[in-house]
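Below is one structure; the comments refer to it alone.
The values are calculated or read from the model by the stated rules, or taken from the named source; none is laboratory data. Since we're looking at a predicted model, the values are computed, not measured. All Cβ positions, glycine included, derive from the backbone under ideal geometry; neighbour counts span all protein chains shown.
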Amino acid sequence: MKTYYITTPIYYVNDVPHIGHAYTSLACDVMARFKRLDGYNVMFLSGTDEHGQKIAKAAEKAGIDPQAFTDKVSQNFRILLKNINISNDDFIRTTEERHKKACQALWNELLKRGEIYLGKYAGWYAMRDEAYYTEDELKDVDGKKIAPSGAECEWVEEPSYFFKLSAWGDRLLKFYEENPDFILPISRRNEVISFVKSGMRDLSVSRTAITWGVPVPDEPKHVMYVWLDALTNYLTAIGYPDTNADTFKKFWPADVHMVGKDILRFHAVYWPAFLMAAGLPAPKRVFAHGWWTNEGQKISKSLGNVIDPVELLATYGLDQTRYFLMREVPFGNDGDFAREAMIRRINSDLANGIGNLAQRSLSQIAKNCGGLVPTPKEYTDKDKALLQSAENLLPHLRSLFDVQSFSKALDAIWGVIAEADRYVDEQAPWALKKTDIARMETVLYVLAETLRHLGIVLQPFMPDASNALLDQLAVPADARSFAHLNAANALTPGRPLPAPQGIFPRYIEAAKP
Ligand code: MSP
């Protein structure tokens with residue numbers, strides 16, 4: 001069986017879940033559902049990043065010990081994933097025993113291979129990013145040292161182990177060249193290549209100033225640098241250090257690590273270097289998506305404009321929100337969240353688009369065909385063209401999903417919806433009722449069969465709404481995978497259909513008080 005391994009970043013638990021967490025998780029979910037429907041054995045991983053200085057500080061501020069703190073806040077992320085209907089197969093926490101074991105094994109492997117040595121770090125560190133910076137990367141603002149990300153840096157001097165990153169530049173460049181799709185989108189790939197070409201210093205991979213982390217084996221004063229710890233989660237969840245484990249053999253190397261653009265360097269530079277240095281294959285792809293702004297403004301806690309995903313769901317609906325986030329912005333670009341754009345999408349694409357097409361087709365079937373799947377007679381060229389367009393969708397979607405082009409995939413699906421709308425207007429089945437019942441049945445059958453295709457391919461994006469649509473077409477639950485997207489599995493004429501119900505209501509603005 002074909003396998004597919006996809007991961008979200010693991011989320012820092014000090015923050016409340018926001019749109020960024022929802023967005024990466026959703027993109028992975030859409031991808032994972034697509035692959036499952038396409039017959040793959042999928043492993044979809046998410047989880048929480050619970051060690052490091054930032055989390056230790058947050059626990060201190062909350063006045064509880066870090067373990068109790070992370071036990072509590074990690075739950076918020078599980079709840080978020082459940083609320084947005086994310087179908088992850090596992091949820092990893094970096095404070096779990098299995099993860100400590102994996103991190104220490106990877107450490108020992110790197111040490112054994114001479115890739116790690118003991119030294120002393122003296123330089124800048126940004127707790128917010130959990131990242132090291134060189135002097136020339138920083139700006140002086142009001143006497144403070146500020147990283148390009150906007151995070152404030154502090155001067156750190158401590159004994160530290162180092163990973164010999166400086167020795168990996170050429171091998172990384174060769175790896176990028178041999179794997180042109182490793183970093184997507186392409187613009188991001190170029191950015192990473194110039195960073196590596198500019199020369200890299202060895203990377204500090206242990207800390208002695210903090211204690212909240214995975215202990216370095218046989219070095220009680222050191223805990224591992226939180227990014228080495230965090231990245232290793234992708235191995236832990238599939239059984240590392242047991243590289244003979246069934247899950248490890250099936251799923252490593254991962255197919256995609258989905259990340260935001262701000263954490264690309266960790267995934268596309270450090271991570272493949274760690275892995276290659278430990279004698280393991282690098283993942284097949286790192287996809288860096290863009291960032292959302294809120295009504296044109298950068299999202300930040302201090303501006304008070306953080307978007308709460310749960311509030312979005314409550315206001316606009318689950319599948320509506322999922323649709324908007326995947327459709328509005330080409331995946332990889334930055335995007336703006338605007339209320340008006342959201343409402344426009346709901347009303348024109350969902351209510352007037354797929355919702356209206358389903359409603360007008362199904363209600364005519366209910367009224368004029370006795371609530372049974374109509375019986376088609378001979379197909380005209382127009383009928384055949386529409387059915388063909390529906391059947392052509394899958395190969396097209398596969399190639400778009402292969403490069404994570406989710407919004408283009410939705411464009412393609414909406415292309416068929418628009419074609420079906422034109423078809424129904426031209427064929428006017430309501431008029432045929434009086435003149436040619438057989439032709440009316442054929443037209444309505446073609447529409448119902450087109451809706452079956454649309455319902456099946458929309459499942460990754462809008463699982464609830466598309467299943468409601470497939471229920472209304474009486475498509476059995478075990479006949480909804482991509483293997484059923486062919487004429488052999490077409491709707492059975494004469495099968496009774498349930499009473500049609502609207503799938504996407506219009507969004508009506510509540511009157512201002
Ligand atoms: N813990 C690290 C990841 C470790 S992975 C081995 C981390 N966590 S995070 O919680 O801060 O970030 C989670 C994700 O949210 C990142 O991919 C980040 O890019 C994303 N976003 C945060 N704000 C965002 C927006 N405003 N818009 C879109 N995504 C954004 O980083």
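In segment 251-268, which residues are charged (D, E, K, R) and away from the ligand (no atom under 13 Å from the Cβ)?
Quick first cut of segment 251-268, residues charged (D, E, K, R) only: 255, 261-262, 265.
Result: 255, single match.
Where the second residue is buried (at least 17 other Cβ atoms within 10 Å of the Cβ) and among the aromatic types (Phe, Trp, Tyr) and the first is on the phi > 0 side of the Ramachandran plot and lies in segment 323-348, which pairs have Cβ atoms under 8 Å and are six or more apart or on separate chains?
332/287
Any residue that is part of a strand (DSSP E or B), more than 20 Å from residue 41 (Cα to Cα) and either of a type in the set (Asp, Glu) or within 12 Å of the ligand (Cβ to nearest atom) (or both) - is there at least one of those in segment 229-247?
Taking every residue of segment 229-247 in turn, none turns out to be part of a strand (DSSP E or B), more than 20 Å from residue 41 (Cα to Cα) and either of a type in the set (Asp, Glu) or within 12 Å of the ligand (Cβ to nearest atom) (or both).
Look at residue 271 and say whether it is within 16 Å of the ligand (Cβ to nearest atom), in a loop (DSSP other than H, G, I, E, B) and touching a residue at least 12 places away in the same chain (Cβ under 8 Å).
Taking the combined requirement at face value, the residue does not satisfy it.
Of the residues 181, 170, which single one is over 26 Å from residue 290 (Cα atoms) and surrounded by fewer than 19 Cβ atoms within 10 Å (Cβ to Cβ)?
Step by step, each of 181, 170 is checked, and only 170 is over 26 Å from residue 290 (Cα atoms) and surrounded by fewer than 19 Cβ atoms within 10 Å (Cβ to Cβ).
Across segment 1-14, which residue is surrounded by the most Cβ atoms within 10 Å (Cβ to Cβ) among those that are in a loop (DSSP other than H, G, I, E, B) and either aliphatic (A, V, I, L, M) or near the ligand (Cβ under 6 Å from one of its atoms) (or both)?
Within segment 1-14, the match that is surrounded by the most Cβ atoms within 10 Å (Cβ to Cβ) is 13.
Would it be correct to say that residue 65 is among the acidic types (Asp, Glu) and either within 14 Å of the ligand (Cβ to nearest atom) or within 12 Å of the chain's Cα centre (by Cα) (or both)?
So residue 65 fails the test.
Looking only at segment 144-151, decide whether some residue is of a type outside the set (Gly, Ala, Ser), out of contact with any Leu (no Cβ under 7 Å at 6 or more places or on another chain) and at pLDDT below 95.
Taking segment 144-151 first, the residues of a type outside the set (Gly, Ala, Ser) are 144-146, 148.
Next, only the ones that are out of contact with any Leu (no Cβ under 7 Å at 6 or more places or on another chain) stay: 144, 148.
Within this subset, residues satisfying the condition of being at pLDDT below 95 are 148.
For segment 144-151, residues of a type outside the set (Gly, Ala, Ser), out of contact with any Leu (no Cβ under 7 Å at 6 or more places or on another chain) and at pLDDT below 95: present.
I'd like the full set of residues that are of a type in the set (A, V, I, L, M, F, W, C) and assigned to a helix (DSSP H, G or I), limited to segment 450-478.
Listed by number, the residues that qualify are 451, 454, 456, 457, 458, 465, 468, 469, 470, 477.
Could you say which residue among 359, 364 is crowded, with 19+ Cβ neighbours inside 10 Å and either in contact (Cβ under 8 Å) with a residue 60 or more places away in the chain or β-branched (Val, Ile, Thr) (or both)?
364
Taking residue 71 as the residue in question, decide whether it is on the phi < 0 side of the Ramachandran plot, in a helix (DSSP H, G or I), modelled with pLDDT of 95 or more and buried (at least 20 other Cβ atoms within 10 Å of the Cβ).
In short, no.
Taking residue 167 as meeting all but one of (1) away from the ligand (no atom under 16 Å from the Cβ); (2) under 26 Å from the mean Cα position of the chain (by Cα), write down the number of the exception.
Condition not satisfied by residue 167: (2).
I'd like to know if segment 440-449 contains one or more residues that are modelled with pLDDT of 95 or more, among the aliphatic types (A, V, I, L, M) and surrounded by fewer than 18 Cβ atoms within 10 Å (Cβ to Cβ).
No, segment 440-449 contains no residue that is modelled with pLDDT of 95 or more, among the aliphatic types (A, V, I, L, M) and surrounded by fewer than 18 Cβ atoms within 10 Å (Cβ to Cβ).
Filter segment 42-58 down to the residues that are closer than 16 Å to residue 103 by Cα, part of a strand (DSSP E or B) and free of Cβ contacts under 8 Å to residues at least 60 places away in the same chain and list them by number.
The answer is 48, and nothing else.
On the given criteria, is residue 218 more than 15 Å from residue 90 (Cα to Cα) and more than 16 Å from the ligand (Cβ to nearest atom)? Give the derivation first.
On the way: more than 15 Å from residue 90 (Cα to Cα): yes; more than 16 Å from the ligand (Cβ to nearest atom): yes.
For residue 218, the condition - more than 15 Å from residue 90 (Cα to Cα) and more than 16 Å from the ligand (Cβ to nearest atom) - is met.
Restricting to segment 15-62, what's the tally of residues that are under 15 Å from residue 308 (Cα atoms) and either near the ligand (Cβ under 10 Å from one of its atoms) or touching a His at 6+ places or on another chain (Cβ under 6 Å) (or both)? Explain how you work it out, then say what you get.
Our first condition is that a residue be under 15 Å from residue 308 (Cα atoms); within segment 15-62, this holds for 15-26.
Next cut, either near the ligand (Cβ under 10 Å from one of its atoms) or touching a His at 6+ places or on another chain (Cβ under 6 Å) (or both) only: 15, 17-25.
Total satisfying the criteria: 10.
What's the total number of residues in segment 236-286 that are surrounded by fewer than 16 Cβ atoms within 10 Å (Cβ to Cβ), aliphatic (A, V, I, L, M) and touching a strand residue (DSSP E or B) at 6+ places or on another chain (Cβ under 6 Å)?
Summing the residues that are surrounded by fewer than 16 Cβ atoms within 10 Å (Cβ to Cβ), aliphatic (A, V, I, L, M) and touching a strand residue (DSSP E or B) at 6+ places or on another chain (Cβ under 6 Å) in segment 236-286 gives 0.
Any residue that is assigned to a loop (DSSP other than H, G, I, E, B) and either under 30 Å from residue 342 (Cα atoms) or touching a Pro at 6+ places or on another chain (Cβ under 6 Å) (or both) - is there at least one of those in segment 200-209?
Among the residues of segment 200-209, at least one is assigned to a loop (DSSP other than H, G, I, E, B) and either under 30 Å from residue 342 (Cα atoms) or touching a Pro at 6+ places or on another chain (Cβ under 6 Å) (or both), which makes the answer yes.
For residues that are touching a residue at least 12 places away in the same chain (Cβ under 8 Å) and buried (at least 17 other Cβ atoms within 10 Å of the Cβ), scanning just segment 130-150, find the one that is farthest from residue 196 (Cα to Cα).
Only one residue tops the list, namely 145.
Being of a type outside the set (Lys, Arg) and surrounded by fewer than 24 Cβ atoms within 10 Å (Cβ to Cβ) is true for just one of 211, 232. Which residue is that?
Exactly one of 211, 232 is of a type outside the set (Lys, Arg) and surrounded by fewer than 24 Cβ atoms within 10 Å (Cβ to Cβ), namely 211.
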